[in-house]
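First comes the structure, then the notes that go with it.
The values are calculated or read from the model by the stated rules, or taken from the named source; none is laboratory data. All figures in this text were calculated on a predicted structure; none of them were measured in a lab. Quick reminder, even Gly has a Cβ in these numbers, built from the backbone with ideal geometry, and neighbours come from all protein chains shown. Keep in mind that these areas ignore ligands, DNA and RNA; they rest on the heavy atoms of the full protein, side chains included. Shrake-Rupley method; radii C 1.70, N 1.55, O 1.52, S 1.80 Å.
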Amino acid sequence: MSKILIDLKNINKAFDGQMVLDDLNLYIRENEFLTLLGPSGCGKTTTLRILGGFEMPDSGKVIFDGADITKLPPNKRQLNTVFQKYALFPHMTIAENIAFGLKIKNKSKSYIDDKIRYALKLVNLEGYEKRMPDSLSGGQQQRIAIARAIVNEPEVLLLDEPLGALDLKLRQDMQYELIRLKNELGITFIYVTHDQEEALTMSDTIVVMNQGYIQQIGTPEKIYNEPENAFVADFIGDSNIISSTMIEDKLVDILGTRFPCVDTGFGCNRPVDVVIRPEDVCLSAPDLGRINGVVTHLIFKGVHYEMEVSAAGYEWLVHSTSMFPVGTKVGINVDPFNIQIMNKPASEDEEAVGINE
């Protein structure tokens, strides 16, 4: 396992008396693609700005490769930032934009020329040296912003919603470009987004944040398949989140019907939340279902049909490659492995706090 490169310790930050980060602890490994994911105002961009040196924490430490860099200015850190607004100099050519940081460091002309060629090849824009920024598409401008950052050979690249201004197709293309770049460069990427699909597509590790707290840290698969609380389950993809009762180990009462599951350790007759992903709801003929219901809504989504099924007083969201017309009576079954059991939060505060580790 690669070494820990960055360690954020007990970070607190407030703006105008409003707490934005509350005792945040997070470590990031070398060569990791780590994504900070959450809704607006959750603290993800503030975390990135503290890492980059653009904000000072009210308390806590930023440790980089074993050294305390909490008070180090941005230009002294081995990090470069790519912003959503590309921040290219409009009066400079592409080559001059890429060379800007290197000229400040008094690098030789031959060194700079080699770096420009290398960076443009890396972002698939060879031959664009003499073009002006306004002659480039949004995706091309974003690639130039990335090229400008990587010529400085940072150990870490910070990316603050860099694809937010692009259209869907271009955004998807750039996601694959970023994965390729990360693998070729062998540097650490720390990425901020509120787009769940983006996070699931690109990341080695996802940090889900809400209200200044870390809710869950894990691989995309772990975050999606085993959310630790209702916020994560609801924020990452679609979910059926149902108030239920844990009868005993491996048996849960969902809407008055007993379902076998694989979870243990929740106690007996305890209130819990159950998460079932729409693609894990299996529809059948009514006499074959554990719960019976009727299809109330149907949309064709291209790769699957999205349906709503009214059953046992709950509107189930179902994704299936089989189509059941509105009005069809159906049975509902769920594989025990696809029933995710979660403790109910005791209060709204506890719901916000999550795990923060």
Cβ-Cβ under 8 Å pairs, at least 6 apart or on other chains, the range 300-324 side under 19 Å from T257 (Cα atoms), far side part of a loop (DSSP other than H, G, I, E, B) and open to solvent by less than 50 Å² (accessible area, probe 1.4 Å): V309/V281; W316/V281; L317/S239; L317/V281; V318/V281
Quick one: count up the residues across the range 295-309 that are open to solvent by 50 Å² or more (accessible area, probe 1.4 Å) and touching a strand residue (DSSP E or B) at 6+ places or on another chain (Cβ under 6 Å). 6
Quick one: which residue in V192, V274 is of a type in the set (A, V, I, L, M, F, W, C), on the phi < 0 side of the Ramachandran plot and in contact with a Phe, Trp or Tyr (Cβ under 9 Å, 6 or more places away or on another chain)? V274
Single match in L157, L178 (criterion: within 17 Å of the chain's Cα centre (by Cα), outside any strand (DSSP E or B) and closer than 15 Å to N31 by Cα): L178
Out of L163, L125, L170, sole residue that is assigned to a helix (DSSP H, G or I) and open to solvent by less than 60 Å² (accessible area, probe 1.4 Å): L170
Would it be correct to say that L181 is under 17 Å from K85 (Cα atoms) and open to solvent by less than 40 Å² (accessible area, probe 1.4 Å)? no
Taking the condition surrounded by fewer than 13 Cβ atoms within 10 Å (Cβ to Cβ) and not small (G, A, S), does F324 pass? no
Looking only at residues that are open to solvent by less than 20 Å² (accessible area, probe 1.4 Å) and not in a helix (DSSP H, G or I) in the range 211-235, which one is farthest from I28 (Cα to Cα)? P227
Can you report the number of residues in the range 26-56 which are touching a Lys or Arg at 6+ places or on another chain (Cβ under 6 Å) and farther than 18 Å from D160 by Cα? 1
Select from the range 98-113 the residues that are surrounded by 14 or more Cβ atoms within 10 Å (Cβ to Cβ) and within 35 Å of the chain's Cα centre (by Cα) and write down the one among them that is nearest to R131 (Cα to Cα). I98
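Conditions tested, residue by residue: (1) within 30 Å of D195 (Cα to Cα); (2) touching a helix residue (DSSP H, G or I) at 6+ places or on another chain (Cβ under 9 Å); (3) free of Cβ contacts under 8 Å to residues at least 24 places away in the same chain.
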position	(1), (2), (3)
L88	yes, yes, no
T93	no, yes, no
G101	no, yes, no
N106	no, no, yes
K115	no, yes, no
N124	yes, yes, no
G127	no, yes, yes
Provide a single number: the residues in the range 268-294 that are in contact (Cβ under 8 Å) with a residue 40 or more places away in the chain and open to solvent by 40 Å² or more (accessible area, probe 1.4 Å). 9
